[in-house]
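Trainee: I'd like to ask some things about the structure below.
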């Protein structure tokens with residue numbers, strides 16, 4: 001009888017232990033499910049952010065319409081561009097949530113001529129980093145910018161900055177790689193830039209490149225280049 005009682009006690013204890021383990025396992029599984037769901041949600045949230053920063057001087061009407069801008073502002077952008085600086089566009093956008101908009105649309109700043117304070121229009125750039133942008137002038141190449149600013153932020157952040165800035169090129173000496181790094185300049189146009197070297201003056205640049213683009217695009221391209229003797 002005592003043996004039977006002992007067996008019953010052991011059985012009850014084993015059952016309690018099994019249920020406890022099962023409950024613990026269920027809790028762990030539930031926790032895993034919650035964590036997986038949270039991670040998945042975070043991943044989805046990150047992926048919804050645009051990795052492309054549209055150049056307001058080059059974006060199509062359809063692309064501009066995806067930014068949540070009113071039809072009136074889109075019409076004004078199309079009519080008034082090319083904007084020779086981001087400051088000109090910034091004035092036009094009064095009343096718009098610029099903090100959000102500038103993560104998706106911008107006009108790249110000239111690293112060698114932009115006022116230090118204006119660099120703070122770039123999302124995530126505060127006073128300290130704006131100072132560092134200005135500190136290493138003049139920039140002669142994108143590689144120089146990467147090297148100097150890479151002292152303060154990681155490579156990913158440097159690449160993000162490069163969506164908002166550019167280094168102007170010297171028309172007669174810039175390598176093909178530097179020309180291709182200019183905003184909105186592809187292989188065909190880079191070839192034309194080099195084709196007419198040496199340039200004696202910017203008037204010659206306007207004449208030759210004006211064979212391939214309209215006056216507005218020519219005005220935009222001209223702000224990306226310079227000649228040493230001028």
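The values are calculated or read from the model by the stated rules, or taken from the named source; none is laboratory data. Quick caveat, the model's predicted, so the values are computed rather than measured. Here Cβ is always computed from backbone atoms with ideal geometry, including for glycine, and neighbour counts include all displayed protein chains.
Trainee: Considering the range 108-124 alone, what residues qualify as being closer than 22 Å to residue 141 by Cβ, surrounded by 19 or more Cβ atoms within 10 Å (Cβ to Cβ) and either without any contact (Cβ under 8 Å) to a residue 60 or more places away in the chain or more than 14 Å from the chain's Cα centre (by Cα) (or both)?
Mentor: If the condition is that a residue be closer than 22 Å to residue 141 by Cβ, surrounded by 19 or more Cβ atoms within 10 Å (Cβ to Cβ) and either without any contact (Cβ under 8 Å) to a residue 60 or more places away in the chain or more than 14 Å from the chain's Cα centre (by Cα) (or both), then 109, 111, 114, 119, 122 are the ones that fit.
Trainee: Determine whether the range 195-203 contains at least one residue that is at negative phi and within 17 Å of the chain's Cα centre (by Cα).
Mentor: Checked against the condition, which is being at negative phi and within 17 Å of the chain's Cα centre (by Cα), the range 195-203 yields no hits at all.
Trainee: Have a look at 162, 84 and point out the one that is at pLDDT below 95 and closer than 21 Å to residue 221 by Cα.
Mentor: It is 84.
Trainee: Among the residues of the range 150-157, is any at pLDDT 95 or above, farther than 24 Å from residue 100 by Cα, out of contact with any helix residue (DSSP H, G or I) (no Cβ under 7 Å at 6 or more places or on another chain) and surrounded by fewer than 18 Cβ atoms within 10 Å (Cβ to Cβ)?
Mentor: Within the range 150-157 (the criterion being at pLDDT 95 or above, farther than 24 Å from residue 100 by Cα, out of contact with any helix residue (DSSP H, G or I) (no Cβ under 7 Å at 6 or more places or on another chain) and surrounded by fewer than 18 Cβ atoms within 10 Å (Cβ to Cβ)), the answer is yes, since at least one residue qualifies.
Trainee: Would you mind stating whether residue 178 is in contact with a strand residue (DSSP E or B) (Cβ under 7 Å, 6 or more places away or on another chain), buried (at least 18 other Cβ atoms within 10 Å of the Cβ) and not in a loop (DSSP other than H, G, I, E, B)?
Mentor: yes
Trainee: OK, next. Mind checking which residues of the range 217-230 are in contact (Cβ under 8 Å) with a residue 24 or more places away in the chain and either loosely packed, with under 12 Cβ neighbours inside 10 Å or not in a helix (DSSP H, G or I) (or both)?
Mentor: 223, 224, 225, 226, 227, 228, 230
Trainee: Further, regarding this structure: Can you find a residue that is under 21 Å from the mean Cα position of the chain (by Cα) and closer than 24 Å to residue 86 by Cβ anywhere in the range 208-220?
Mentor: yes
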